[in-house]
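One structure is given below, represented as structure tokens, and several questions about it will come after.
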Amino acid sequence: MESFFNRYRSITVLLLVILAQLVLVEVQVKNDQDVRLIRVWTVTAVTPVARIVEALRGGGSGFIRNYILLRDAHEENRRLQAELDRLKLDNIYLNNELNMADRAKALAVFQSHTPSRTLAATVIGTGAGTNSKMVLVDRGTVSGVERGMAVVTPDGIVGKVITAYPTASAVLLITDPDFAAGVISQKGQVRGTLKGQGTPICKVDYVPFEEKIEPGEWLYTSGDDRIFPRGFPVGVVKVAHNAQPFQEILVEPSGMARGIEDVLILVEGVHQPIPDTPPASQPVFIGSPPPADTVQPPDNTANTPPGTSAGTEADKLRAQYKDIGAAQGHKFGEGTPGSKPPDFNFKLPGPAGTPAAAPAAGATPQAPAAAPPASKPAVPPGGASQR
Amino acid sequence: MSYSGGHILLSSQRESQVSRFPVWVMLVVPLAAILFQVYVPLFFEFLSFLEMPLLVVVYFALTRRSQVGGLLVGTLVGLAQDSLSKNPLGMLGIVNTLVGYFAASVGLRLDVDHPMIRLLLTFFFFLFHQFFYWLMVRALLGQQLVFETQRTLVLGLLNAVVGISLFHFLDKLRKAS
């Protein structure tokens, strides 16, 4: 070492002297930013070295940490994986909560707009059968749910309550083959019966081939079934084929398009008019009760005895014959073969203002005084005896 | 000490004899050179081209043939010049240090008693001094100093000529070997 300095003594002294004077210069000089050059030089000289040292240190420590000290990596990996799984579940749960909140908000908006009195319910289960299109909701008779009530969403009808338990209810979906509901088309006011097929697509029956209905047309509940109030969206016609005697019409239901997790049970339905535009571009409208022409009592209900509901034509004919038999004192099913049948041409006493036919023996003709006064023509014929 | 008129390179170690000066010479001559550069141009402006301190450094470095001695002389003279100038301390010190070191290094190889060698070396070290000073001013001080090549060459030649005379005068002050 000593010989080294002796050999390079001159150059060493030169460098030291030069370095000392450089330091001396830099101590006195400032750069444009009023920083002494000695500081600038020092930082400039030290920074790369520090960067290299830091890179070496970081690389070395990283190498040691990443490749040598791996004894806890597996356990940490398992722990992180478990935490990741938990966070994924949390994420799914929160997304579901968010979607639920959105659906709840949509239901609340719909509830505030619809004139019908509704009851919000949540689907808590599905039917056990493979082909069963039924769900269970968390509202039952305790909440006022009764069998036969309609179940809807803001997008359309969903089904109807087929069984009401104290704390839950079973809802038959519109896709079930046993489901049926009266529908009416938006444009042509064509009436039909919506039926489920066990598939996501429903069909509409009993639409005569001469009626005009086109794909893309919206269908609404007609209110004829006395379950769904008039004016609720049902779905869009996808296929409409002419056939004899009825058209083949397939409908894509709109009520379950976005799933059914929260529904509304129509505790007290109110009829609404059929909107002019599809429901997607029209807010829920609070309309007046359905027009009178949609609730037309049958003409022959005048002859229907109290408590007898108007049914098919056969039922009406049967009821009429029973009345004729009762008026003539005849009891069906008791006469012996060959006995005289009742006179089926017998004219039953008519409503107010209507002259009764000649009473038969044993018959009790109605007194004219019992007829409603002519000053009340608004009462439908036979209405007094019906109610 | 003898002149080797036939060649300029030192043929043997014996020719490279170290010139010795009295102490007062080593002190007074550099001081006089600095004072000359400071005061003479006040009265004789045309003499401002003379770099007397540089010439003294070159002379002592060449004749003493000691690199350490040469650089120390250059350092002291340069720092003294800096002290009397507006330059930061060390600017001329560094330049003169390098001049002294390299001059001493050359003095170890060449017969620096040869007038032509002295002329050339003085000319060369003047250029080196001017160029390195210009370089340091730009590098360390960030000043845009202009390097006038032709003027520097002329001044270098004039200083070399003056240096020959000065060196001849200073040779009279050397101790007899």
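Set the Förster distance to 25 Å, then compute FRET efficiency between B:F43 and B:T149 from the Cβ-Cβ distance, nearest 0.05.
Numbers: r = 30 Å, r/R0 = 1.18.
It comes to 0.25.
To continue, here is another question. Aspartates and glutamates within cross-link reach of A:K30: Cα-Cα under 18 Å, excluding same-chain residues under 8 positions apart?
B:D82
Residue farthest toward the positive end of the dipole of chain B, with Cβ of Lys/Arg at +1 and Asp/Glu at -1: which of B:L158, B:V146, B:L54?
Most positive-ward Cα: B:L54.
Using a simple spin-label model with points 7 Å from Cα along the Cα→Cβ vector, what separation in nm is obtained for A:N242 and A:A101?
Result: 5.5 nm between the two label points.
Between beta-carbons, use under 11 Å as the cut-off and find the net charge around B:G90, counting Lys and Arg +1, Asp and Glu -1. Intermediate values should be presented prior to the final figure.
Numbers: positive: none; negative: A:E26, B:D82.
Its environment carries a net charge of -2.
While we're here: How many nm is it between the label spots at B:S165 and A:E214, if each spot is 7 Å from the Cα in line with the beta carbon?
12.0
I'd like the FRET efficiency for A:E313 and A:T199, computed as 1/(1 + (r/R0)^6) with the beta carbon distance as r and R0 of 35 Å, rounded to 0.05. Mind dumping the intermediate values first?
On the way: r = 34 Å, r/R0 = 0.96.
So, using R0 = 35 Å, E works out to roughly 0.55.
Could you give the DSSP H helices of chain B that reach 20 angstrom or more along their long axis (alpha carbon positions) and whose average Kyte-Doolittle hydropathy is no lower than -1.0?
On the way: long enough: B:23-43 (30 Å, 2.24); B:67-83 (24 Å, 0.94); B:91-109 (28 Å, 1.31); B:115-136 (31 Å, 1.42); B:149-171 (31 Å, 1.13).
TM-like helix candidates: B:23-43, B:67-83, B:91-109, B:115-136, B:149-171.
Whole-Hz Karplus ³J(HN,Hα) for the range A:137-146, in order, using 6.51 cos²θ - 1.76 cosθ + 1.60 and θ = phi - 60°, x for Gly and Pro?
Whole-Hz 3J(HN,Hα) from phi for the range A:137-146: 10, 8, 10, x, 5, 4, 8, x, 7, 10.
Take every Cα-Cα distance within the range A:1-158, group them into 5 Å bins from 0 onward, and report for each bin the whole-number percent of pairs it holds.
2, 6, 7, 7, 7, 7, 6, 5, 4, 4, 4, 5, 5, 5, 5, 4, 4, 3, 3, 3, 2, 1, 0
Which net charge results when you count Lys and Arg as +1 and Asp and Glu as -1 among the other residues whose beta-carbon is under 12 Å from that of A:L80?
Values: positive: A:R78, A:R79, A:R86; negative: A:D72, A:E75, A:E76, A:E83, A:D85.
With Lys, Arg at +1 and Asp, Glu at -1, the net is -2.
With a Förster radius of 51 Å, plug the Cβ-Cβ distance of B:L84 and A:Y93 into 1/(1 + (r/R0)^6) and report the FRET value to the nearest 0.05. Please report the intermediate quantities before stating the final value.
Working: r = 85 Å, r/R0 = 1.66.
FRET efficiency, B:L84 to A:Y93: 0.05.
So, one more: Summing +1 for each Lys or Arg and -1 for each Asp or Glu, what net charge is found among the other residues whose Cβ lies under 14 Å from the Cβ of A:E97? All intermediate terms of the calculation are to be shown ahead of the outcome.
Numbers: positive: A:R103, A:K105; negative: A:D90, A:D102, A:E261, A:D262.
Net local charge, A:E97 excluded: -2.
A further question follows. Any idea what the alpha-carbon Rg over 2.2 N^0.38 Å comes to for the range B:14-176?
Cα Rg divided by the expected 2.2 N^0.38 Å: 0.98.
Spin-label point model (7 Å from Cα, Cβ direction): what's the A:L70 to A:R7 distance in nm?
For A:L70 paired with A:R7, the spin-label model returns 4.8 nm.
In addition: Throw me the Rg/Rh for the range A:2-81, computed over C-alpha atoms with Kirkwood Rh, two decimals.
Working: Rg = 23.3 Å, Rh = 17.2 Å.
Result: Rg/Rh = 1.35.
What size of dipole, in debye to the nearest 20, comes out for the range A:2-81 about its Cα centre when the only charges are +1 on Lys and Arg C-beta atoms and -1 on Asp and Glu C-beta atoms?
Numbers: 11 positive and 8 negative charges, 28 e Å.
With Lys and Arg at +1 and Asp and Glu at -1, about 140 debye.
Follow-up question, since we're still on this one. Mind putting together the pair-distance distribution for the range A:144-267? All Cα pairs, 5 Å bins, whole percent per bin, short to long.
Bin by bin from 0 Å, the calculated values are 2, 13, 23, 25, 18, 10, 5, 3, 1, 0.
We did not get these values from a lab; they are worked out from the coordinates using the rules stated. Because the structure is a prediction, the values reported are computed rather than measured. FYI the Cβ positions are ideal-geometry reconstructions off the backbone, even for glycines, and counts take in every protein chain you see.
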